[in-house]
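Student: My questions will all concern the structure given below.
The values are calculated or read from the model by the stated rules, or taken from the named source; none is laboratory data. Just so it is clear, the model here is predicted, and its values are computed rather than measured. Here the Cβ positions follow ideal geometry from the backbone for every residue, glycine too, while neighbour counts run over all protein chains shown. Note: accessible area is taken over every heavy atom of the protein model, side chains too, but ligands, DNA and RNA are not part of it. Shrake-Rupley method; radii C 1.70, N 1.55, O 1.52, S 1.80 Å.
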Amino acid sequence: MADDKTYILPVAIGTPIYVLESCYCHETYANQHCKMLSGKIHGNTTVIAVIRLPDKHKGSYRTRCIKIYKRPFDPVKHLSKWGKSAFATEDEAVEMAKSKK
């Protein structure tokens with residue numbers, strides 16, 4: 001019989017967690033689209049907040065945004081990102097997003 005391994009998950013499967021995702025967009029698009037997404041529900045995902053960060057390397061015409069999504073925990077997708085871009089609480093996610101400024 002193969003070695004059985006038991007993994008301890010940080011939260012139960014399907015529990016809502018908060019995930020950070022970056023996007024880059026033109027200044028005009030960022031003003032119109034990114035702000036519109038805040039608070040919108042897309043399938044099983046909700047955009048909680050959009051934090052705009054100026055991209056100093058690309059000039060003033062590009063904007064970098066960090067979106068905080070509320071998603072159900074899927075160990076295949078989120079376990080490797082746990083503590084880096086996937087968090088159990090919204091406060092942890094906001095704190096990490098603000099530290100990227």
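Student: If ligands, DNA and RNA are left out, what is the accessible area of Leu9 with a 1.4 Å probe, given in Å² to the nearest 10?
Tutor: Roll a 1.4 Å probe over it and Leu9 shows about 60 Å².
Student: Heads up, I need the accessible area for Lys77: 1.4 angstrom probe, whole protein in place, Å², nearest 10.
Tutor: Counting only protein heavy atoms, Lys77 exposes about 130 Å² to solvent.
Student: Name the long-range amide H neighbours of Phe73: under 5 Å, sequence gap of 5 or more, or other chain; modelled H, no Pro or chain starts.
Tutor: Result for Phe73 returns Gly14, Thr15, Ile17.
Student: Identify the residues of the range 79-98 with backbone N under 16 Å of a label point that sits 7 angstrom from the Cα of Cys23 along the Cα-to-Cβ direction, or state none.
Tutor: Within reach of a label on Cys23: no residues.
Student: Compare Ser85, Ser99 by solvent-accessible area with a 1.4 Å probe and give them largest first, with all protein chains kept in place.
Tutor: Ser99, Ser85
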